[in-house]
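Here is the structure we will look at.
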Amino acid sequence: CKRVAIRTTIRKDDCRSNAPVTVYSCDGKCPSATIFNFNINSHARFCKCCRESGLQTRSVALYCSRNATVVEYSFQEPLDCSCQWN
């Protein structure tokens with residue numbers, strides 16, 4: 001589980017970044033298991049997910065074709081990633 005960089009063009013309504021932007025996300029594998037618990041006569045499930053640990057807000061300029069304006073678009077991306085319980 002780690003933070004990975006992705007190059008993408010950001011699109012929102014009729015607006016878009018005029019060049020690909022590097023954005024970050026979390027990707028990878030984390031441990032999971034299902035173990036039969038005889039005390040409760042059922043399976044106990046243990047699952048961790050690859051999730052963000054800390055977020056930062058970023059802003060990108062988007063160019064809108066309908067009215068030829070520029071708008072700031074804000075989004076959150078992970079500072080780091082780790083395997084975490086749900």
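Per residue of segment 17-33, in order, report the coupling 6.51 cos²θ - 1.76 cosθ + 1.60 (Karplus, θ = phi - 60°) as ³J(HN,Hα) in whole Hz, putting x for Gly and Pro.
Using θ = phi - 60°, the values come out as 6, 7, 8, x, 10, 7, 10, 10, 9, 9, 8, x, 9, 9, x, 8, 7 Hz.
Along the charge dipole of the chain, which of Leu55, Ile35, Val21 sits closest to the positive end, that is, farthest toward it, with unit charges on the beta carbon of Lys, Arg, Asp and Glu (+1, +1, -1, -1)?
Ranked along the dipole, the leading option is Ile35.
Which cysteines in the chain lack any other cysteine whose Cβ sits under 4.7 Å from their own Cβ?
Cys47, Cys49
Report the Stokes-Einstein translational diffusion coefficient (µm² s⁻¹, integer) for the chain, Rh taken as the Kirkwood radius over Cα pairs, at 37 °C with viscosity 0.692 mPa s. Please list the in-between numbers first.
Values: Rh = 15.7 Å.
D = 210 µm²/s.
So, with a 1.4 angstrom probe, what is the percent of accessible area on segment 2-85 that is carbon and sulfur? Intermediate values should be presented prior to the final figure.
On the way: 2980 of 6070 Å².
Roughly 49 percent of what the probe reaches on segment 2-85 is carbon or sulfur.
Compute the FRET efficiency between Lys29 and Arg58 as 1/(1 + (r/R0)^6), taking r as their Cβ-Cβ distance and R0 = 22 Å, and round to the nearest 0.05.
Working: r = 26 Å, r/R0 = 1.20.
Result of the calculation: an efficiency of 0.25.
How much accessible area per residue does the chain have, in Å², with a 1.4 Å probe?
Values: 6260 Å² over 86 residues.
About 73 Å² of surface per residue is accessible.
What are the ³J(HN,Hα) couplings of segment 60-72, residue after residue, when phi is run through the Karplus curve with 6.51, -1.76, 1.60 and θ = phi - 60°? Round to Hz, x for glycine and proline.
10, 7, 10, 9, 9, 6, 5, 10, 6, 10, 10, 10, 8
With label points built 7 Å along Cα→Cβ from the Cα atoms of Leu79 and Val4, find their separation and express it in nm.
2.3
Long-range amide H contacts for Ser53: which residues qualify at under 5 Å (H placed 1.01 Å from N, peptide plane, sequence gap of 5 or more or a different chain)?
Leu79, Asp80, Cys81, Ser82
The values are calculated or read from the model by the stated rules, or taken from the named source; none is laboratory data. This one's a predicted model, so the numbers in the text were calculated from it and none came from an experiment. We place every Cβ from the backbone using ideal geometry, glycine too, and count neighbours over all the protein chains shown. Surface accessibility is based on the protein's heavy atoms, side chains included, excluding ligands, DNA and RNA. Shrake-Rupley method; radii C 1.70, N 1.55, O 1.52, S 1.80 Å.
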